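Asks: One structure, as structure tokens, below. Some questions next.
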Amino acid sequence: MASITENTTSESEQMTGDEIVELCRRHTLFEWSAQAAVDPIPVARAKGIYFWTPEGKRFIDFNSQLMCVNIGHGDERVVRAIQEQAAVLPYANPFMATEVRARLSVKLAEITPGDIDAFFFTNGGAEANENAIRIARMFSGRHKIGARYRSYHGGTAGALTLTGDPRRWAAEPGIPGVFRIPDFYHGIQKGSDTTEEALARTEEILELEGAKTVAAIIVEPVVGTNGILIPPDGYMQGLRALCDKYGILLIADEVMAGFGRTGKWFSVDHWKVVPDLISMAKGLTSAYVQLGAVGMRRHIADHFEKNVFYGGLTYNSHPLACAAALATIAVYEEDSLIENARRMGELMRGLLDDLQSRHPSVGATRSIGLFGIVELVRNRETREPMAPFNGSSPEMQALGKFFRAEGLYTFVRWNTFFTNPPLCITEAELREAFAIIDRGLESTDRAVS
Ligand SMILES: Cc1ncc(COP(=O)(O)O)c(C=O)c1O
């Protein structure tokens, strides 16, 4: 086969990092990037908050990979659960009922908010959202869905239309029926609306769209990749009240913010809001096996007693994934990881404040639990961002290179970088990571006028 190169090591030998990168770059596409621009880190193994290249360079995983390995890497309890399930029943089709599916659904009913107690399992977050909006449409008989600009809901057709950030652009025109509701945050220079302003503008849009045509509003209760945007007090409750007033379903996309990331099982729990539908993935299995789910309140599940649920996936309720999820949830509980996210989150809050007080390039920091971000600016007064919207700058690129050289892995995006470690992180590990960040910011400080 022409694609297998002569200089490739034989299968019995381990490849070097360079060989892995070269072949992956040549024969696979990397996400959301012009391929010439990608420079992936070769990764061979991982444990706890660390991962290693084949040559043994160690990285602190300060983004839990894609904000998903919440329990940390290589937890043997989860690995064993997957192995045991694989030995007994690696797959059953989704028309069958399995014990692991039964146990997981009971457990999820216990930890999800309010009377959410029925679940449809998917392969990931995008499919969870696709099914959430389809369920909302089937249940309500209405078709429009409101979503915000500063959001990401997944890479499939419907989920990308819901997505407001630039990843949507290439997928347009997208699916019909999606409209925008207002964001409460408008970037580092413009800041945030009050709860009252954001809700009043949302209600105006609902009236203009025709509230009776709106099936659902979907939000990330705490926005993830678009900036760790924590809603002002009363916003989530106000959105719930608006939905109730107009008979609109509220969908909480908890794919990134769920499973302890914010210091609660789900981020909506901070505001004691019960959404009608909740989508989840990532931390559900800590990404040991791919799994997503959409959970629904009892009256919505009841609707499908007599009405056909039009939805299906070959890997729905995959036993290996269900086993991974059950074992992962047990780890959150056994190791009190949600409590740890709260405690370490308080420490991280202090460390972020400290960075802001000492580094002129730090324009803002936001965090809730172990979900954090730093926004960099060129000027503290004008608050001009260190890189433009949807762009980069030499300073941000240099910062990313510094983190990489120093063995700190995290997302550097536009004028921001993220602080999202696994929830098992210790105080010493958190301080170790912040010491690297502290040194890195010396270079961005030099760009401040
Ligand atoms: C909030 C949110 N929703 C949905 C998704 C899509 O999940 P997946 O990539 O598993 O399809 C993501 C992924 O980052 C996400 O952050």
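The values are calculated or read from the model by the stated rules, or taken from the named source; none is laboratory data. Bear in mind the structure is a predicted one, so any value in this text is a computation, not a measurement. Neighbour counts run over all protein chains shown; Cβ positions are idealised from the backbone, glycine included.
Asks: List every residue pair whose Cβ atoms lie under 6 Å apart, where the two residues are 6 or more positions apart in sequence or sit on different chains, the first residue falls within the stretch 193-212 and is at negative phi and touching a residue at least 60 places away in the same chain (Cβ under 8 Å), and the second residue, located anywhere, is polar (S, T, N, Q) and surrounded by 15 or more Cβ atoms within 10 Å (Cβ to Cβ).
Replies: Sorted first by the residue in the stretch 193-212, then by its partner, the list stays empty.
Asks: Does E130 count as over 12 Å from C322 (Cα atoms), of a type in the set (D, E, K, R) and within 12 Å of the ligand (Cβ to nearest atom)?
Replies: Yes: the conditions hold for E130.
Asks: Kindly establish whether G74 is more than 16 Å from the ligand (Cβ to nearest atom), in contact with a strand residue (DSSP E or B) (Cβ under 8 Å, 6 or more places away or on another chain), free of Cβ contacts under 8 Å to residues at least 60 places away in the same chain and within 27 Å of G283 (Cβ to Cβ).
Replies: yes
Asks: Could you tell me which residue of the stretch 261-293 is nearest to G114 (Cα to Cα), considering only residues that are touching a Lys or Arg at 6+ places or on another chain (Cβ under 9 Å) and of a type in the set (G, A, S)?
Replies: The selected residue is S267.
Asks: Could you count how many residues in the stretch 220-232 are within 23 Å of K245 (Cα to Cα) and surrounded by fewer than 23 Cβ atoms within 10 Å (Cβ to Cβ)?
Replies: Of the residues in that region, 1 qualify.
Asks: Between G155, G141, G164, which is within 14 Å of the ligand (Cβ to nearest atom), under 23 Å from L206 (Cβ atoms) and either under 14 Å from the mean Cα position of the chain (by Cα) or surrounded by fewer than 21 Cβ atoms within 10 Å (Cβ to Cβ) (or both)?
Replies: The match here is G164.
Asks: Which pairs do you get when a residue that is over 25 Å from M67 (Cβ atoms) and in contact (Cβ under 8 Å) with a residue 40 or more places away in the chain, found in the stretch 124-142, comes within reach of a residue that is away from the ligand (no atom under 16 Å from the Cβ) and among the polar types (S, T, N, Q), reach meaning Cβ atoms under 9 angstrom, with the pair 6+ apart or on two chains?
Replies: M138/N307; F139/N307; R142/T213
Asks: Return a yes/no flag: does the stretch 2-13 have any residue that is modelled with pLDDT of 95 or more and more than 16 Å from the ligand (Cβ to nearest atom).
Replies: no
Yes/no per residue for (1) more than 26 Å from E254 (Cα to Cα); (2) of a type in the set (K, R):
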{"position": "T53", "(1), (2)": "yes, no"}
{"position": "K57", "(1), (2)": "yes, yes"}
{"position": "F62", "(1), (2)": "no, no"}
{"position": "V78", "(1), (2)": "no, no"}
{"position": "I82", "(1), (2)": "no, no"}
{"position": "P90", "(1), (2)": "yes, no"}
{"position": "P94", "(1), (2)": "no, no"}
